[in-house]
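Beneath this line is the structure, given in structure tokens, with notes to follow.
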Amino acid sequence: MQASAVDIRKVNKYYGPFHALKDVDLAIPPGKVTCLIGPSGSGKSTLLRCINFLEEYDSGEIRIDGQLIGYEVPGRKMSGRKLRQMRRSIGMVFQQFNLWPHMTAKENVAEGLIRVRGLSKSEAETRAAEALTKVGLADKMGNHPARLSGGQQQRVAIARAIAMEPRLMLFDEPTSALDPELVGEVLNVMKALASEGMTMVVVTHEMGFAAHVADQVAFMEKGELVAVDSPQGIFHAPKDERIWNFLRTYHERNSF
Amino acid sequence: MEWSILEQYGPALLRGFGVTVLCWILGTIFGMALGLMIALIQRYGPRWLGWIIQAYIEVIRGTPFLVQLFVLYYGGPLIGLRLDALPAGLLGLTIYGSPYFAEIFRSGFRAVPHGQIEAARAIGMAEPTIVRRVLLPLGLVSSLPALVNFSIILTKETVILSIITVPELMYQVSRMSTETFRYLEANLVLALFFWALVETISRVGRRLETRITKHLIERT
């Protein structure tokens with residue numbers, strides 16, 4: 001069996017007395033799409049943010065291609081330099097896009113290439129243009145975020161991440177802040193990325209995306225990873241009652 | 001009203017106004033620079049340094065500028081700080097303005113959405129680069145109206161420098177009034193100069209604001 005791209009073992013996270021992640025174990029296979037689903041507050045975003053150590057986990061291990069992230073050895077924090085080095089190869093897309101509003105689309109994408117990868121300005125701009133073309137925004141490169149729709153902003157954010165040539169992409173509810181009619185364009189970009197063999201971890205409420213694009217689906221509730229299975233298994237033959245309840249609520253809310 | 005005295009005192013008044021503008025510009029620049037440093041140390045520095053700085057802020061904000069200036073100018077020599085009137089005045093203005101500027105920057109930084117800083121961290125950007133490329137540009141934009149406002153307040157604090165004989169406008173106006181007993185004329189001239197200065201600053205400030213927020217405002 002192939003080694004995991006991300007190996008999460010016995011991860012725990014507390015916010016004061018609140019136990020946000022409880023002994024979470026999860027293996028992310030390389031080149032595949034893993035969707036994290038579950039009710040709000042179940043810890044799926046927290047888990048995702050632990051993978052690039054934007055959120056510090058308290059115990060357990062998270063390994064990216066075998067290398068422990070955030071800690072030198074369990075219990076001793078990693079240096080900032082090393083952490084930044086690891087983050088370079090992990091792209092992240094946020095619910096609120098988080099583009100830098102004082103830069104154009106192209107500048108947003110080129111920024112990391114210049115300041116982090118150390119590319120020359122012209123080289124960075126060429127790559128930024130390529131990345132923006134890839135997400136279908138060749139004609140919006142000079143626009144500032146305020147002049148882009150939510151869907152376009154999120155596609156710039158995806159371009160910003162993929163321009164860094166990451167080995168792994170994390171998506172934190174990438175479509176939750178979008179108007180319904182703009183969700184499709186973002187999901188299409190993500191599908192294209194998946195078909196290229198990008199390793200992706202996606203926290204999402206888009207059950208359709210999870211069902212059709214994911215290779216594996218993990219269901220979380222109250223900080224626990226309840227089940228990991230194929231989309232088929234999770235959506236059509238859930239083994240746990242909690243999944244059942246979640247899906248029933250989801251269907252009730254989305255049926256008309 | 002007796003305006004003919006202006007012929008005699010005009011040049012002195014103009015020189016005084018020049019010194020006032022100089023004090024204001026340098027006091028604002030140095031005060032802002034010190035304030036920015038304070039705000040950055042408060043955000044990134046060690047906690048003990050933050051406490052010392054907080055105490056400094058409380059002391060400076062809690063005492064009148066006049067008192068600070070006296071302490072600096074007349075108390076300074078006791079600890080070997082012997083300054084001429086103008087440098088003492090500039091140092092005084094810098095110190096007086098710094099905690100206000102620091103507070104303005106601090107709240108400006110707080111207005112920068114945390115997500116935009118996280119986005120920079122997520123691609124592996126180093127913290128000093130994040131400050132330079134994300135925190136400062138965005139923080140300054142939200143600080144600008146308050147910065148302009150406080151620098152306008154500072155213009156009028158410069159008159160206090162006349163007490164320690166900095167030859168700025170108020171100093172010249174006082175001299176003119178005591179020598180001629182034309183208090184009203186002298187002070188009307190003073191008012192006119194200040195009004196012109198403040199009006200210019202606020203116009204420039206507004207223009208600057210429109211320019212730098214041009215791209216940040218959503219136009220639909």
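The table below lists the values:
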| quantity | calculated |
| --- | --- |
| Subset of region B:122-132 (residues that are at the interface with chain A (Cβ under 7 Å from one of its Cβ atoms) and surrounded by fewer than 20 Cβ atoms within 10 Å (Cβ to Cβ)) | B:Ala126, B:Thr129 |
| Sole residue being within 14 Å of another protein chain (Cβ to nearest Cβ), open to solvent by less than 20 Å² (accessible area, probe 1.4 Å), part of a helix (DSSP H, G or I) and of a type in the set (A, V, I, L, M, F, W, C), chosen from B:Leu135, B:Leu161, B:Leu140 | B:Leu135 |
| Residue tally, condition of a type in the set (Val, Ile, Thr) and open to solvent by less than 50 Å² (accessible area, probe 1.4 Å), over region B:1-51 | 6 |
| Flag for B:Val204 being open to solvent by 40 Å² or more (accessible area, probe 1.4 Å) and either among the small types (Gly, Ala, Ser) or modelled with pLDDT of 90 or more (or both) | yes |
| Residue check, B:Pro87 without any contact (Cβ under 8 Å) to a residue 40 or more places away in the chain and within 24 Å of B:Leu169 (Cβ to Cβ) | yes |
| Any chance A:Leu47 is surrounded by 14 or more Cβ atoms within 10 Å (Cβ to Cβ), under 13 Å from the mean Cα position of the chain (by Cα) and closer than 23 Å to A:Gln85 by Cβ | yes |
| Sole residue being modelled with pLDDT under 90 and part of a helix (DSSP H, G or I), chosen from B:Pro99, B:Pro11, B:Pro87 | B:Pro11 |
| Selected residue (criterion: nearest to the other protein chains (Cβ to nearest Cβ)) from residues of region A:88-110 that are out of contact with any helix residue (DSSP H, G or I) (no Cβ under 7 Å at 6 or more places or on another chain) and free of Cβ contacts under 8 Å to residues at least 60 places away in the same chain | A:Thr104 |
| Within region B:52-85, considering residues that are β-branched (Val, Ile, Thr) and surrounded by 15 or more Cβ atoms within 10 Å (Cβ to Cβ), the one nearest to B:Ile104 (Cα to Cα) | B:Ile57 |
| A:Arg84 being of a type in the set (Lys, Arg), part of a helix (DSSP H, G or I) and more than 10 Å from chain B (Cβ to nearest Cβ) | no |
| Close pairs from region B:160-174: first under 22 Å from B:Gln8 (Cβ atoms), partner open to solvent by less than 40 Å² (accessible area, probe 1.4 Å) and charged (D, E, K, R), Cβ under 9 Å, at least 6 apart | B:Ser162/B:Glu168 |
| Hits in region A:88-103 (condition: open to solvent by less than 20 Å² (accessible area, probe 1.4 Å) and over 20 Å from the mean Cα position of the chain (by Cα)) | A:Met103 |
| Scope region A:176-192; condition open to solvent by 10 Å² or more (accessible area, probe 1.4 Å) and either under 20 Å from A:Val109 (Cβ atoms) or aliphatic (A, V, I, L, M) (or both); matching residues | A:Ala177, A:Leu178, A:Leu182, A:Val183, A:Glu185, A:Leu187, A:Asn188, A:Val189, A:Ala192 |
| Boolean, A:Ser79 is open to solvent by 50 Å² or more (accessible area, probe 1.4 Å) and not hydrophobic (A, V, I, L, M, F, W, C) | yes |
| Answer from A:Ile243, A:Ile162, A:Ile234 - the residue that is touching a Phe, Trp or Tyr at 6+ places or on another chain (Cβ under 9 Å), open to solvent by less than 40 Å² (accessible area, probe 1.4 Å) and touching a residue at least 40 places away in the same chain (Cβ under 8 Å) | A:Ile234 |
| Matching option when the condition is facing another protein chain (nearest Cβ under 10 Å) and on the phi < 0 side of the Ramachandran plot, among B:Ile153, B:Ile117 | B:Ile117 |
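The values are calculated or read from the model by the stated rules, or taken from the named source; none is laboratory data. None of the values given here were measured: they were computed from a predicted structure. Using ideal geometry, Cβ is built from the backbone for each residue, glycine included, and neighbour counts are taken over all protein chains shown. Quick note on the areas: whole protein, heavy atoms, side chains included, nothing else; ligands and nucleic acids left out. Shrake-Rupley method; radii C 1.70, N 1.55, O 1.52, S 1.80 Å.
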